[in-house]
Amino acid sequence: MSKKARTRQRAAGSGRAAVSVRTAVSVRRAASRQPAAGSGTKDAELIAAARTARDNAHAGFSGFKVGAALETADGTIVSGCNIENATYGLTLCAERVAMFKALSEGHRKFRRVAVVADTDDPTPPCGACRQILWEFGGDLEVILANLQRERARYQLSALLPLPFDARLLT
């Protein structure tokens with residue numbers, strides 16, 4: 001089985017949708033324009049926190065470990081990792097764990113999130129994570145990295161162009 005096929009199989013088993021060829025191509029194109037703004041030292045610290053969190057992932061079913069680190073408005077870094085469950089449907093992605101952990105610790109304003117996986121191509125947040133990040137964090141900067149380096153950088157609005165949020169409930 002090719003490395004690409006194994007990656008797709010791991011992604012599917014982790015509850016993350018496999019990236020389509022079209023999406024992968026657009027991600028690679030965007031990655032060539034990235035990274036952009038941000039403070040280099042703080043970027044490195046945020047990505048390092050996501051890498052460290054990834055080490056704690058409970059991914060015994062898929063083997064697809066992901067770490068995330070969320071930077072709050074006051075500069076605090078809150079990390080999370082994916083936690084799989086045998087039912088898969090109850091699996092939590094790293095981004096949601098980091099956000100829920102930050103909220104449970106009283107943080108309410110956020111700047112950005114870093115997501116790290118052991119893949120060649122950037123691993124963007126899944127749809128559920130994009131929704132949670134948008135609802136509680138707004139138009140965050142999303143930094144995507146692998147174990148070696150930063151791969152891409154987006155605003156969440158580019159990844160979730162038409163979000164469902166509280167404004168639609170009034």
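Every read-out reported here was derived from the displayed coordinates using simple, explicitly stated rules and does not represent laboratory data. Keep in mind that what you see is a predicted model, and the values were worked out from it rather than measured. Note that we place each Cβ from the backbone using ideal geometry, even for glycine, and neighbour counts take in every protein chain shown.
Does the range 38-170 come out rounded, prolate or oblate, given a ≥ b ≥ c as the square roots of the eigenvalues of its C-alpha gyration tensor, rounded meaning a/c under 1.5 and, failing that, prolate meaning a/b above b/c? Rounded is the answer for the range 38-170, as its axis ratio a/c remains below 1.5. Residues whose amide H comes within less than 5 Å of that of Cys126, counting only those at least five positions distant or on another chain, are absent (H built at 1.01 Å from N in the peptide plane). Near Lys109, which aspartates and glutamates are there with a Cα under 17 Å away, not counting those fewer than 8 places off in the same chain? Qualifying aspartates and glutamates at Cα under 17 Å: Glu71, Asp74, Glu95, Glu135, Asp139, Glu141, Asp165. In sequence order, the range 159-170 has phi-based couplings of 8, 9, x, 9, x, 8, 8, 4, 4, 7, 9, 9 Hz under the Karplus curve 6.51 cos²θ - 1.76 cosθ + 1.60, θ = phi - 60°, and Gly or Pro positions carry x. Note on Ala86 and Asp139: the model spin-label points, each 7 Å out from Cα along the C-beta direction, lie 4.6 nm apart. Near the amide H of Val66, within less than 5 Å, lie the amide hydrogens of Asn82, all on another chain or at least 5 residues away, with H placed in the peptide plane. Could you tell me which of rounded, prolate or oblate describes the range 64-111, using a ≥ b ≥ c as the square roots of the eigenvalues of the alpha-carbon gyration tensor, with rounded for a/c under 1.5 and, failing that, prolate when a/b is larger than b/c and oblate otherwise? Cα axes put the range 64-111 in the prolate bin. Legend: calculated FRET efficiency, Ser157 to Asn56, from the Cβ-Cβ distance at R0 = 30 Å, rounded to 0.05, equals 0.50. Close amide H pairs (under 5 Å, H built 1.01 Å from N) link Arg153 with Leu144, residues at least 5 positions away or on another chain.
Treating r as the C-beta distance of Thr170 and Lys42 and R0 as 25 Å, the FRET efficiency rounds to 0.10.
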